[in-house]
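A quick write-up on the structure given underneath.
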Amino acid sequence: MPEALPAAPADLPQWLARVGMRATPPRLAIWQALHDAKDEPDAVELMVLAQQVEPRTSLGTVYRFLRELEQHGLASSRPVAHQRSRWRLGASTESSARNEAALAAVARLAAAFGYRLVPAA
């Protein structure tokens, strides 16, 4: 189950620690840029915004942090044809449905080869 987003930016370091992530200055700047975004920025837009607060923020850090947030169900991406994916805080119902469809397809494939998927312990 996804962790609830922090109520205030001051809570962010403790919140990141709870989900197993370090609260580095670039990550805090990326989160703030994503949190304050009026729309769904792409990773390059987030990097530019974050660099205004923390100049050492790299594109690699942006992508790694976004993927970590996504793995914890705290951010979601929306693919856009012929463009970079758009990001927002919070899980999207579209990505959840896509994940469920993918899991069902893998289960059907496994069953076709005589296997069945079991939940991880």
Inset, instruction - Sticking with the crude label model, points 7 Å out along Cα→Cβ, report the distance from Ser58 to Arg108 in nm, one decimal please. - result: 4.2
Legend entry - Cα gyration tensor, region 20-75 - rounded (a/c under 1.5), prolate or oblate: oblate
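No lab work stands behind these numbers, since they all come straight from the coordinates. Keep in mind that what you see is a predicted model, and the values were worked out from it rather than measured. Counting neighbours? That spans all protein chains shown, and the Cβs are built from the backbone with ideal geometry, glycine included.
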